[in-house]
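Values in this text are rule-based calculations from the coordinates and carry no lab data. Remember, predicted model here, so these are calculated numbers, not experimental data. For neighbour counting, all protein chains shown are included, and Cβ atoms are generated from backbone atoms with ideal geometry for every residue, glycine included.
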Amino acid sequence: MPPSGLAILIGAGPNTGTGIARILSSLSHGNFAVALLARRPDAINASISKIHSSNPDAVLEAFPTDTSKASLEKAFSDIKSHKSFQGLKLSLAVYSIKHSSKKPFLEETREDFGESLETYVGGAFTFAQESLKRMFADHGETGLAEGGEKKGTIIFTGTLGALRCSAQYAAYGAGRSSVRQLAQSLAREMSEKGVHVVHTVANGAIADEDGEDQKYGKKMSADAVGETYLWLHGQKPCLWTHELDMRPACEKF
């Protein structure tokens with residue numbers, strides 16, 4: 001069966017990214033062709049190999065990139081022209097990169113603080129803008145009230161740092177909370193245009209396994225995150241979740 005559409009995931013690492021991509025590309029789940037973006041080609045290829053070991057028919061392609069404007073724009077251009085994705089419409093875009101910064105505040109520099117924000121928040125901005133351009137190009141620009149269709153879903157994977165922050169995490173907290181506000185602004189602007197924008201709060205460890213830690217609620221399963229994202233994408237315009245708190249059962253909060 002050919003893919004039902006295209007999904008783009010930045011943050012194709014060995015845990016969360018692999019689980020999300022596995023579910024999205026599975027014939028019995030999302031049946032999406034998935035473009036995987038990350039800085040290191042070896043990390044993306046390892047994820048693809050792991051997914052193909054259980055689902056050899058999954059349509060997965062690697063696009064090494066960082067979060068700079070030029071690099072992301074090139075990645076989206078390459079995705080558009082890639083032969084594996086011809087005829088497919090972008091339906092789901094997931095921003096799920098890891099980015100942390102811990103430093104005593106008086107040892108922090110304006111330059112490092114700004115670089116942290118540019119890497120994480122600037123990357124989220126460009127990723128969202130390129131995703132929206134592609135969704136509107138693929139699905140049209142007619143709003144829901146005028147009879148237009150749902151264009152797609154954009155999900156930002158956040159952390160508890162977007163809500164409250166610990167000592168020595170000034171740059172981290174500023175970046176995470178900024179992306180949360182970016183997602184909120186986009187949701188308020190884009191919902192009526194047919195784009196579902198979600199910010200999730202991943203509170204606790206995520207591992208690409210289904211072992212004792214998952215059974216007893218100590219860690220989240222990466223596949224469970226993927227299933228949750230697919231469920232969010234499947235929501236109809238009569239009820240759209242904007243923010244969702246995710247944690248394993250035994251995580252304190």
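Taking the Cα centre of the chain as origin and charging only Cβ (+1 Lys, Arg; -1 Asp, Glu), how large is the dipole, in debye to the nearest 20?
Numbers: 28 positive and 29 negative charges, 32 e Å.
It comes to approximately 160 debye.
Counting other beta carbons within 10 Å of each residue's own, what order do Arg134, Arg188, Arg176, Arg39 fall into, fewest first? Intermediate results must be reported in sequence, preceding the final value.
Working: Arg134 20, Arg188 11, Arg176 23, Arg39 16.
With the fewest neighbours first, Arg134, Arg188, Arg176, Arg39 line up as Arg188, Arg39, Arg134, Arg176.
With θ taken as phi - 60° and the coefficients 6.51, -1.76 and 1.60, list the Karplus ³J(HN,Hα) couplings across the range 180-195 in order, rounded to whole Hz; mark glycine and proline as x.
4, 5, 4, 4, 5, 4, 5, 4, 5, 8, 9, 4, 5, 8, x, 10
Using mean Cβ contacts within 10 Å as the protection proxy, how do 116-123, 16-23 order, highest first?
Values: 116-123: 19.6, 16-23: 27.1.
Packing order, densest peptide first, comes out as 16-23, 116-123.
Could you tell me whether the range 20-143 comes out rounded, prolate or oblate from its Cα gyration tensor? Rule is a ≥ b ≥ c as square roots of the eigenvalues, rounded for a/c under 1.5, then prolate if a/b exceeds b/c, otherwise oblate.
Details: a/c = 2.40, a/b = 1.50, b/c = 1.60.
Verdict is oblate for the range 20-143.
Tell me what the chain gives for mean residue ellipticity at 222 nm when only DSSP H runs of n ≥ 4 count, each as -39,500 (n - 2.57), the sum divided by the residue total, rounded to 500 deg cm²/dmol. Before the final figure, lay out each step's value.
On the way: 8 runs with 99 residues, N = 253.
Per the formula, -12000 deg cm²/dmol.
Got a sec? Charge dipole of the chain, +1 on Cβ for Lys and Arg, -1 for Asp and Glu; which of Ile154, Trp240, Pro41 is way out at the positive end?
Trp240
Pull up all non-local amide H partners of Val94: gap of 5 or more, or a different chain, and H-to-H distance under 5 Å with H placed in the peptide plane.
Ile8, Leu9, Ile10, Ile155
Between their Cα atoms, which of Lys98/Lys151; Lys50/Lys102; Lys50/Lys74; Lys69/Lys133; Lys98/Lys218; Lys193/Lys236 are more than 24 Å away from each other?
Values: Lys98/Lys151 27 Å; Lys50/Lys102 32 Å; Lys50/Lys74 26 Å; Lys69/Lys133 15 Å; Lys98/Lys218 20 Å; Lys193/Lys236 14 Å.
Cα-Cα > 24 Å for Lys98/Lys151; Lys50/Lys102; Lys50/Lys74; rest within.
Just the number: Rg to Rh for the range 122-200, Cα atoms, Kirkwood Rh, two decimals. All intermediate terms of the calculation are to be shown ahead of the outcome.
Numbers: Rg = 14.4 Å, Rh = 13.4 Å.
Rg/Rh: 1.08.
Based on the Cβ-Cβ distance of Asp138 and Asp42, what FRET efficiency does E = 1/(1 + (r/R0)^6) give at R0 = 25 Å, to the nearest 0.05? Show your work: numbers first, answer last.
Values: r = 31 Å, r/R0 = 1.23.
For R0 = 25 Å, the calculated efficiency reads 0.20.
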